[in-house]
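Undergrad: The structure's right below; bear with me while I get my questions together.
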Amino acid sequence: MKTGKLFDYAYLVFLILTPVIVLILPADYFDYGPTICPSKRFFDIECFGCGMTRAVMHLVHLDFDSAIYFNKGSLLLAPVLGALWVFWIKNATIKVLEKPTPAPTDLH
C-alpha cells in the first residue's frame, strides 16, 4: 500500500472518529480553563468567535440554552460545519475507493 493511500485511509478514519469523540466527551468539557482567544487574553475584549467551541460542543449535545449563552453565532456555524463534514467524508470516501490508475507503459 502506498503512503498516499495510507494517508487517505487515516484521514477518513479521523473524519469519522472526530464526531464520535465529541459525542463521548461531556457537554461541559471545554467550559472551564483558560481562554485561548488572543483578543480576550491580551486585550480583555471578546471577539465574535469567543465561546464558539463551547457553544458548538453544547449544540452537539442538544443543550441549546447553553449554546446561545456562550455564542449565538453557533446556531449559524454548526449547520455549516455539519455540511462541511459531510462534504469532506464524501470526498475522502471517493478517494479511498477509487482504483489506482496503472502507470503508462513505454511501447518503443
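Undergrad: Can you tell me which residue within segment 38-66, out of those that are assigned to a helix (DSSP H, G or I) and among the charged types (D, E, K, R), is nearest to the chain's Cα centre (by Cα)?
TA: Per the stated criteria, the residue is ARG54.
Undergrad: Among the residues that make up segment 77-89, is at least one of them over 15 Å from the mean Cα position of the chain (by Cα) and among the aliphatic types (A, V, I, L, M)?
TA: Checked against the condition, which is being over 15 Å from the mean Cα position of the chain (by Cα) and among the aliphatic types (A, V, I, L, M), segment 77-89 yields no hits at all.
Undergrad: Out of segment 12-40, which residues are of a type outside the set (A, V, I, L, M) and modelled with pLDDT under 85?
TA: GLY33, PRO34, THR35, CYS37, LYS40
The values are calculated or read from the model by the stated rules, or taken from the named source; none is laboratory data. Since we're looking at a predicted model, the values are computed, not measured.
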